[in-house]
Each structure stands twice: as C-alpha cells, then as structure tokens.
C-alpha cells in the first residue's frame, strides 16, 4: 500500500503519531491501554482483516521503532537537520528490536 497524502493530511498524521508516541513514552496508563486495545482489535480483525498480525499486541514497546520510522518518513526534513548537525533524531534506548517490514 502506498498512501499519497496532502500536506494537511501529512501534518495531521504526524501530529497524531507524535501525540501518541509522547503519551506512550510518558507511561500514561490510559494511552497504553487504549493503544494496546487497538492493536489487539486490529489483530482480531475488528477493523477488517489485515495481512499482518502482531505477535503480542500488548507489548507496545515492540512498535516503538516503527512509530519513529513512520515519523521520519513523514518528516524527512527533521532527519536531514539531525544528520547535518551530527545528532540523533531520537533518544535511543538499549534495544535489539528490528523494525517491521
């Protein structure tokens, strides 16, 4: 699937991703519960059958790198600014997790 988004749609999607990611990283219990509930519902086909299934939809940490990768794809200018300055675009946690294809 390849989405073609307007600038407005891209900005809205980025804002939602940043908000959810921020609340997840802050450990907001309600956001974690809501997020993992949506992942579970996606796995169970509540919103239509999906080709991909999460191994453990309750382990939201396994989606962290994917969320950050999506943000990078939505805002490549930020990634370029970080590269030019020689800094990481995110604070890296110790992880051997590989992103989803």
Can you spot a residue in the range 43-57 that is within 24 Å of residue 75 (Cα to Cα) and touching a residue at least 12 places away in the same chain (Cβ under 8 Å)? no
Residue pairs meeting the criteria (Cβ under 8 Å; at least 6 apart or on separate chains; first part of a helix (DSSP H, G or I), in the range 6-35; second exposed (fewer than 15 other Cβ atoms within 10 Å of the Cβ)): 13/5
Qualifying positions in the range 43-87 - outside any loop (DSSP other than H, G, I, E, B) and more than 21 Å from residue 15 (Cβ to Cβ): 43, 61, 62, 83, 84, 85
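Laboratory data are not the source of any read-out in this text; all were calculated from the coordinates shown. Remember, it's a predicted structure, so these values are computed and weren't measured experimentally. Using ideal geometry, Cβ is built from the backbone for each residue, glycine included, and neighbour counts are taken over all protein chains shown.
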